[in-house]
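Trainee: Structure incoming, see below.
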Amino acid sequence: MGKGSYQQNRLMSLFSAMLAHFGPLRWWPGDSPFEIAVGAVLTQNTAWRNVEKAIAGLREKKALRPDILYSMSPAELEELLRPSGFFRLKTRRLRALLEYLRSYPGWDASPGNADLNFLRGADLSVLREELLAVRGIGPETADSILLYALDLPTFVVDAYTMRIFSRHGIFPPDIPYDEAREYFMDRLPQDVALYNEFHALIVRTGNTFCKKSRPLCANCPLAEFLDHEVD
DNA sequence: TGCCAGGCCGGGT
DNA sequence: ACCCGGCATGGC
C-alpha cells in the first residue's frame, strides 16, 4: 500500500468523522441550478445569513431566473442585493454572469430556464475556464457553480478548507487555490456526491468550530486527527 | 465595540 | 509571481 492510498484513507477518515458528527447535509441550499449560481456569487466573502436576505428578496420578485434577473435595472438589482453586502460589485458580477449565460451556444431563453440545462454536457475544464474568464467569477465561485449547480466533479476550496487543513498541518496556509484543489482531487475518487458532501461538511465544521475568532478546535469532529503525521 | 463572514479584481512592486 | 486596498452589510 503506497503513500497515495494512505493519504486517500486519511482524507476519507476526516470526511467520515465530519459525516458522523453532522450527518449528510445534501448541499447546496437552493431550489434550482440558477439560484445556486446566484448564491455562489453573493456569498463571496460574506456570511450566508446575509445572502439569504438577498435571495429572499429576489424570490419575492420572482427574479431567481436568468430572464427576469437580466430584465431588471441595475439600480433595482442593487437594492435587492444590498443586504448581502458589496452590492454594487455583486450587481456587476451577476450581470456579467448573465451576459455569459445569454451568449452561450444553445442558450435557452424560455421562461423558467433556471435549470441551466443548456450548459449540461459541456466539458468540465472548458466550462471552468470560461467561467473564470467572467469578471467577478474566481476559482471558488466557478467550482461551486460547476459542482453544486451542474453536478460536475470539481472540488471546491474555500477559506474554511484552507484554515482547517493548514491548522492540521495537511498543507501550508499559503498554498495556491489550484494546488489545494488538486490535493483533494488527486487523493479522492472522482465522485460528485463525495466532493459535494465533503465541502459542505468542511463549511459546516468551519462555521461551527473553526472561526477566526475561535482558533481552538475543542469538540471539533476533527480534533482527534490533530496529532497525526503530516506529509 | 470591533471583528468577521463560504472572494475577487486591479494596480503596484 | 506575489502583495495589497477596496468593496458593504449584519451578527455576535
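Every number here is computed from the coordinates shown, using simple stated rules; none is lab data. Since the structure is predicted, the reported quantities are computational estimates derived from the model, not experimental observations. Ideal geometry is used to build each Cβ from the backbone, glycine not excepted, and the neighbour counts take in all protein chains shown.
Trainee: Per DSSP H run of n ≥ 4, the term is -39500 (n - 2.57); total these for chain A, divide by its residue number, and report the mean residue ellipticity at 222 nm rounded to 500 deg cm²/dmol.
Mentor: Values: 11 runs with 127 residues, N = 231.
Computed mean residue ellipticity for chain A: -17000 deg cm²/dmol.
Trainee: By how many nm would the segment from A:R167 to A:E78 grow when fully extended, if each residue of separation counts as 0.36 nm and the alpha-carbon distance is taken off?
Mentor: Details: separation 89, 0.36 × 89 = 32.04 nm, distance 3.77 nm.
The A:R167-A:E78 span can extend by a further 28.3 nm.
Trainee: Run the quick spin-label model on A:N219 and A:D191: label points 7 Å from Cα toward the beta carbon, then report their separation in nm to one decimal.
Mentor: Using points 7 Å along Cα→Cβ, the separation is 3.0 nm.
Trainee: Arranged by the count of other C-beta atoms within 10 angstrom, fewest first, what order do A:W48, A:W28 take? The partial results should precede the final answer.
Mentor: On the way: A:W48 14, A:W28 21.
In increasing order of surrounding Cβ atoms, one gets A:W48, A:W28.
Trainee: Can you work out ³J(HN,Hα) from phi for every residue in segment A:91-108, in order, using Karplus 6.51 cos²θ - 1.76 cosθ + 1.60 and θ = phi - 60°, giving whole Hz and x for Gly and Pro?
Mentor: 4, 4, 5, 5, 5, 5, 4, 5, 4, 4, 4, 5, 8, 6, x, x, 3, 9
Trainee: What distance in nm lies between label points placed 7 Å from Cα along the C-beta direction at A:D151 and A:R49?
Mentor: Each label point lies 7 Å from its Cα, and together they span 3.4 nm.
Trainee: Ranking A:R135, A:R204 by Cβ neighbours within 10 Å, fewest first, what do you get? Walk me through the intermediate numbers first.
Mentor: Working: A:R135 11, A:R204 18.
Fewest-to-most Cβ neighbours within 10 Å comes out as A:R135, A:R204.
Trainee: Using the Karplus curve 6.51 cos²θ - 1.76 cosθ + 1.60 with θ = phi - 60°, work out ³J(HN,Hα) for each residue of segment A:165-175 in order, rounded to whole Hz, and write x for Gly and Pro.
Mentor: Values, residue by residue: 6, 7, 5, 7, x, 7, 8, x, x, 9, 5 Hz.
Trainee: Output wanted: per-residue J couplings in Hz (rounded whole) for segment A:137-154, from phi through Karplus 6.51 cos²θ - 1.76 cosθ + 1.60, θ = phi - 60°, x for Gly and Pro.
Mentor: 9, x, x, 5, 5, 4, 5, 4, 5, 5, 6, 8, 9, 10, 6, 9, x, 10
Trainee: Once every Cα of segment A:34-114 carries one equal point scatterer and solvent is ignored, give the base-10 log of I(q)/I(0) from the Debye formula at q = 0.23 Å⁻¹, two decimals.
Mentor: -1.08
Trainee: What aspartates and glutamates sit close enough to A:K211 to cross-link, taking a C-alpha to C-alpha distance under 15 Å and skipping anything fewer than 8 places away on the same chain?
Mentor: A:D158
Trainee: Express the C-alpha Rg of segment A:90-231 as a ratio against the empirical globular expectation 2.2 N^0.38 Å, rounded to two decimals.
Mentor: Details: Rg = 17.3 Å, N = 142, 2.2 N^0.38 = 14.5 Å.
Rg over 2.2 N^0.38 Å, computed on Cα atoms: 1.20.
Trainee: Here is a follow-up. On the principal axes of its Cα set, how long, how wide and how thick is segment A:33-170? Give whole Å, largest value first.
Mentor: The Cα atoms of segment A:33-170 stretch 48, 35, 21 Å along their principal axes.
Trainee: Can I ask one more? If the cut-off is 14 Å between C-alpha atoms, which aspartates and glutamates fall inside it for A:K53, apart from same-chain ones fewer than 8 positions away?
Mentor: Filter leaves A:E35, A:E78, A:E79.
Trainee: For the pair A:A109/A:F15, report the inter-label distance in nm, with labels modelled 7 Å from Cα in the Cβ direction.
Mentor: So the label points at A:A109 and A:F15 sit 4.3 nm apart.
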